[in-house]
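Student: Quick one: this structure, given as structure tokens, is what I'll be asking you about.
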Amino acid sequence: MQNREIPLREKSVVFIGFMGVGKTTIGSLVAKKLYRDFVDVDVEIEKEYGMPVTEIFKQLGENEFRRREKELITKLCNQRLNIISVGGGAFLQKEIREICLEKCIVFFLDLSWESWKDRIDLIIDSRPVLQNRTIEEIEELFYQRQEIYALHHSRLATDELEIEEAAAYIVDSIKLAWDLYDPR
Ligand SMILES: Nc1ncnc2c1ncn2[C@@H]1O[C@H](COP(=O)(O)OP(=O)(O)OP(=O)(O)O)[C@@H](O)[C@H]1O
Ligand SMILES: O=C(O)C1=C[C@@H](O)[C@@H](O)[C@H](O)C1
Ligand SMILES: [Mg+2]
């Protein structure tokens, strides 16, 4: 259904932020706490093509990945009640930014560069955009990307937070917004 005005309580929640900030980990926990479905756009695309994102980039090219990413996010944003983790580069596309901000609650997970650097070993192998780049180049990309993540409805600084604490904070903040702006 094309829903111009989705009630706040039914809006999907979209997590944005740089690779590795915790969109998948924290997002899936938020979904559990709210009894909603969790959709990880990278994982969905990987399932469809039957290969990891690194291979999709290699074999089909980044443009094909970005095309499918836009199509899928548009479809998900037109549904209700999903908790969605989008890829770190999704907000580079204007159409994706616009539809997410219009139809969903967009949460920016904000991790500092200093904390992010400590996580690099956990993620480097599975993120094609990070490969063959020096740490200085990754730092430059990290700061460049902050401009696109500045477009959000709500932000959480996660440097000092465990995964569980971050998810609990987000759930409380969503419920507060429901009670304030869509009281029942
Ligand atoms: N608050 C946190 N504290 C400590 N570790 C965390 C926290 N959030 C996430 N992590 C860890 O950081 C790694 C990256 O997290 P995750 O895969 O959720 O990031 P992502 O934002 O989904 O990345 P991508 O955009 O590349 O998919 C995981 O190993 C996860 O366990
Ligand atoms: O930041 C990016 O450009 C990307 C992040 C990942 O989540 C994947 O969506 C893909 O590797 C591209
Ligand atoms: Mg992820």
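The values are calculated or read from the model by the stated rules, or taken from the named source; none is laboratory data. This one's a predicted model, so the numbers in the text were calculated from it and none came from an experiment. Positions of Cβ are generated from backbone atoms using ideal geometry, with glycine treated the same way; all protein chains shown enter the neighbour counts. Surface areas here come from the heavy atoms of the whole protein model, side chains and all, with no ligands, DNA or RNA. Shrake-Rupley method; radii C 1.70, N 1.55, O 1.52, S 1.80 Å.
Student: Hey, got a sec? Which chymotrypsin sites (Phe, Trp or Tyr not before Pro) in segment 109-169 land in a DSSP loop and have at most 10 other Cβ atoms within 10 Å?
Tutor: For chymotrypsin sites (Phe, Trp or Tyr not before Pro) across segment 109-169 that sit outside H, G, I, E and B with at most 10 neighbouring Cβ atoms in 10 Å, the list is empty.
Student: Here are some pairs, K47/K75; K70/K103; K103/K175; K70/K117; which of them have Cα atoms lying more than 26 Å apart in this structure?
Tutor: K70/K117, as the Cα separations exceed 26 Å there.
Student: Give the range of the longest stretch in the chain that excludes all GluC sites (Glu not before Pro) found in loop regions by DSSP and having at most 12 other beta-carbon atoms within 10 Å.
Tutor: 6-159
Student: Report ³J(HN,Hα) in whole Hz for each residue of segment 128-134, in order, from the Karplus equation J = 6.51 cos²θ - 1.76 cosθ + 1.60 where θ = phi - 60°; Gly and Pro get x.
Tutor: Coupling constants for segment 128-134: x, 5, 8, 6, 6, 10, 6 Hz.
Student: Heavy atoms only, probe 1.4 Å: what % of the accessible area of the chain goes to carbon and sulfur, would you let me know?
Tutor: Whole-percent figure for carbon plus sulfur exposure: 49.
Student: What shape does the chain have by the C-alpha gyration tensor, where a ≥ b ≥ c are the square roots of the eigenvalues, rounded means a/c under 1.5, and otherwise prolate means a/b greater than b/c and oblate the rest?
Tutor: oblate
Student: A further question on this structure: Whole-Hz Karplus ³J(HN,Hα) for segment 9-18, in order, using 6.51 cos²θ - 1.76 cosθ + 1.60 and θ = phi - 60°, x for Gly and Pro?
Tutor: Whole-Hz 3J(HN,Hα) from phi for segment 9-18: 5, 9, 5, 5, 10, 10, 9, 10, x, 4.
Student: Also, quick follow-up: Restricting to DSSP loop positions (anything but H, G, I, E, B) with no more than 14 other Cβ atoms inside 10 Å of their own Cβ, which trypsin sites (Lys or Arg not before Pro) remain in segment 103-176?
Tutor: Passing both the DSSP loop test and the Cβ count: R119, R133.
Student: Over the chain, give the accessible area per residue in Å² for a 1.4 Å probe, as an integer.
Tutor: Normalised by residue count, the accessible surface of the chain is 54 Å².
Student: Explain nothing, just the number: dipole magnitude of segment 125-173 about its Cα centre with +1 on each Lys and Arg Cβ and -1 on each Asp and Glu Cβ, in debye rounded to the nearest 20.
Tutor: 320
Student: Assuming R0 = 45 Å, what is the FRET efficiency of W113 and R184, from their Cβ-Cβ distance, to the nearest 0.05?
Tutor: My answer for the efficiency is 0.65.
Student: Grab the beta carbon distance between R9 and K70, set R0 = 30 Å, and tell me the FRET efficiency rounded to 0.05.
Tutor: Efficiency computed from Cβ-Cβ geometry: 0.65.
Student: Based on the alpha-carbon gyration tensor of segment 1-109 and its eigenvalue square roots a ≥ b ≥ c, which shape applies: rounded if a/c is under 1.5, prolate if not and a/b is larger than b/c, or oblate?
Tutor: Prolate.
Student: From largest accessible area down, sort R67, R127, R36; use a 1.4 Å probe on the protein chains.
Tutor: Largest accessible area first, the residues go R67, R127, R36.
Student: Also, I was wondering about something else. By accessible area of protein heavy atoms, probe 1.4 Å, what ranking do T25, T74 get, highest first?
Tutor: In descending accessible area the options line up as T25, T74.
Student: Can you tell me the dipole magnitude for segment 10-156 around its Cα centre, using point charges on the Cβ only (Lys, Arg +1; Asp, Glu -1), in Debye to the nearest 20?
Tutor: 600
Student: Which residues' amide hydrogens lie under 5 Å from the amide hydrogen of S85, considering only partners 5 or more residues apart or on another chain, with H built in the peptide plane?
Tutor: It is F15, V39, D40, V41, by chain and number.
Student: Sticking with this one: Go ahead and set up a Gaussian network model of the chain, Cα springs under 10 Å, then flag whichever of Q146, Q131, Q93 fluctuates most.
Tutor: So, out of Q146, Q131, Q93, the one fluctuating most is Q131.
Student: Oh, and also: Please list, in order along segment 119-127, the HN-Hα scalar couplings obtained from phi with the Karplus expression 6.51 cos²θ - 1.76 cosθ + 1.60 (θ = phi - 60°), rounded to whole Hz, x for Gly and Pro.
Tutor: After applying 6.51 cos²θ - 1.76 cosθ + 1.60, I find 9, 4, 5, 6, 10, 4, 5, 9, 10 Hz.
Student: Would you please give the residues with an amide H less than 5 Å from that of V106, counting only those at least 5 places away or on a separate chain, with H modeled from the backbone geometry?
Tutor: Under 5 Å from the amide H of V106 lie the amide H atoms of V14, H153, S154, each far enough along the sequence or on another chain.
Student: May I ask you to derive the FRET efficiency for E164 and L60 from their Cβ-Cβ distance with R0 = 35 Å, giving the value to the nearest 0.05?
Tutor: After rounding, the FRET efficiency stands at 0.40.
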